[in-house]
Every structure is written in structure tokens, then in C-alpha cells.
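Report on the following structure.
Laboratory data are not the source of any read-out in this text; all were calculated from the coordinates shown. Not measured: the values here are computed from a predicted model. Don't worry about glycine lacking a Cβ; one is built from the backbone with ideal geometry, like all the others, and counts go over all protein chains shown.
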Amino acid sequence: MINAATLEDTVRRLRLGERATLAQAMTLVESNHPRHQPLSTQLLDAIMPFTGNALRLGLTGTPGAGKSTFLEAFGMLLIRRGLRVAVIAVDPSSPVSGGSILGDKTRMTELARAESAFIRPVPSSGHLGGASQRARELMLLCEAAGFNVVIVETVGVGQSETEVAGMVDCFLSLQIAGGGDDLQGIKKGLMEMADLVVINKDDGDNRTSVAIARHMYESALHILRRKYDEWQPQVLTCSALEKRGIEEVWQAITDFKTCLTASGRLEKVRQQQAVEWLHKQAEEEALHLLFARADFDRYFQQTLLAVKNNDLSPRTGLRHISEFIQHHYF
């Protein structure tokens, strides 16, 4: 049990890589209970000097792309190379049951059993922003616990991709060929976020369609504006099922990190991510404090009703709310 008296010992055990301590620390940080907030903040402050040494990798992909199979093959490759791997799965929760849609560790049984791996799902409970905040903090805990690679996984659903891309060093998009999503991925702007595109299931009867898809993605990447001047995003193929091409993916990721580290870009990206994170959290906290005030909430609901009934335009409603805030709180 983590409490104020055991906080220093918790940090020590965490730095030793104790899995049980890591799980307890994650549970504390995930808690929304007001009594847990000060302690979780103290814990995060205490571990900050021991973070930042891991490679932060984002992984997204369309449903059916084989992310679980890829993650298991990829994670086991890293473990065989002597690395410790943590997987944080940002799972959208079912709006009906509140449960995870993606599932849990049973998707990656071999990786889940490995001593050098740690897998943690982060249900969003319908609020992706909250899930992404927790994922960032869990990532820091994993780094403090000595994991060399922290993978943040998400389904390829709109905002989730943007959230994950904003917290990692390298963003990998896992795709499949012939599923009708090749051009859709380009239209959605996914290509602009991806540092690497990996086309999975390059096996059996798929090999011709995979070659065509690879050419399509490579052509698109050369047309689009580069995310970084130092790096031309690459398109790779693999068969996670047959465990082919996985080493080439890891080599491309290490090349990416080496390139951005040498130019000083990686440090700047992380600094900017931290600043943007603080900005976003400050905005959310300000809104929370506002709506916690009964007078503001009442006025906001009245204005909302007026806009809904077409008594006010949204712009006028916004002006009224702004004037209310300035008059009452400033």
C-alpha cells in the first residue's frame, strides 16, 4: 500500500523495477479519488529525475491490421536483445458496459508472460483526454522503473491518433493492404503524423497487394510535407505472423531516434510536448474550476438554452459568457 510514509521506499522499489510496485503506482496515479491526488502528485514529482531515458513509441492501426500479433512479435524481439518493454494500451471503453473494446493482456499471451515486459490497458471511459493524460503519466512510471522501450498503443480512431502522436518520440502506423483503407489513411491526415508506415500481413496471397500498397504509401509520403527536415518517413512491410520484417522495423526506429537525437530535434520535441501537455491540462483545470461554481454553471446552462432555442447566436452566447466571467471573477 502506497502512502505518504512509504513514498520514498516506493520510489526506491520502482527504480529497482519491481513489477508489483509499478502496478500499485499505476493504480494510484489512475485514481480519481480526491484523497489520492496529492499523493500521486508527490509520486510523479519524485520520479521525474529518473524519467526520459526510454524510447517512446506510438503505435496505431486500423482494426484488423494485426496490432496484437505485431506487438507480440516486436516486443519479444526487443526482449531477446536484452531490452525491457512496457506496453500502455489506450483502450476506448464501451459506451454501454464501460469495459475495454480492445481487450487486455490475453491478446498478447507470450509477451504478457515475459519477465521483461509489462502491459497495462488504460480505459478511456468515454473521455479520451483523461485516458491520454493517464497514459503520459504511466509512461513516466515505466521509465522510472527502468523500461527501455515504452509503447503507447491505440486504435486508429481519429482523435486517439493525435493524442498518442503528441506524447511519443516515434509514431508508427500499422496498415494492411487491400482493405480499402489505403487512401483513407492518407485522407485522414495519418500520413502527416506517421514517422514510419508498416504494412503488415506481407504473406501468402497478400504479397502482391502489399507491394502495390507500399508503392502507394511511398508516393504519398514524397508528396506530403515532411514532419521533420531531418527525416524522410519510411514505408516497410512485415509479416508479424511469420515474424518476418520485424528486425527491419526496429532498425528503422533506431535510425529515426539516432537521426533526431544527433540534430537535437528529439529534445526539442519532448520539451514542446511537455509545454503543450501543461497548456491542455491548465485549460481543463480552468474549465473544471469554473463549472464547479454554481453561479457560473447556472448562467452557462441558461445561455446554452437560449442558443439552443435560437434566441441567441452562438457568438453572442460566447460573448455573454465571457462578460460574465470577467465581471464576476476578474
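The value of relative contact order for the chain, using C-alpha pairs under 8 Å at least six residues apart, is 16 percent. Straightening the chain between Arg15 and Arg244 buys 79.0 nm, computed as 0.36 nm per residue apart minus the Cα-Cα spacing. If you take the alpha carbon atoms of segment 278-329 and fit the smallest convex hull around them, that volume is 82 Å³ per residue. The Cα atoms of segment 197-330 cover 64, 38, 29 Å along the three principal axes, with the biggest extent listed first. In segment 1-50, the ratio of gyration radius to Kirkwood radius, Rg to Rh, stands at 0.92 when only Cα atoms are counted. Return one number: the angle in degrees, 0 to 90 and rounded to the nearest 10, between the long axis of the Cα atoms of helix 294-308 and the longest principal axis of the Cα atoms of the chain. On a 0 to 90 degree scale, this one is about 70. If you take the charge dipole of the chain about its Cα centre, with +1 on Lys and Arg Cβ and -1 on Asp and Glu Cβ, which of Ile253, His36, Leu289 is farthest toward its positive end? In the chain, that residue is His36. Taking the helices alone, the chain has a mean residue ellipticity at 222 nm of -17000 deg cm²/dmol, built from -39,500 (n - 2.57) per DSSP H run of at least 4 residues and averaged over all its residues. In this structure the amide hydrogen of Gln175, modeled in the peptide plane, comes within under 5 Å of the amide hydrogens of Val198, Ile199, Asn200, none closer than 5 places in sequence on its chain.
With 20 Å as the limit, the listed pairs Lys227/Lys257; Lys227/Lys280; Lys280/Lys308; Lys227/Lys268 have Lys227/Lys280; Lys280/Lys308 beyond it between alpha carbons. Taking the centroid of alpha carbons for each part, segment 268-330 and segment 209-232 are 40 Å apart. Taking one quarter of the surface of the convex hull spanned by the alpha-carbon atoms of segment 22-80 gives a direction-averaged projected area of 6.1 nm². Judged by the gyration tensor of its Cα atoms, with axes a ≥ b ≥ c, the chain is oblate; a/c meets the 1.5 cut and b/c is at least as large as a/b.
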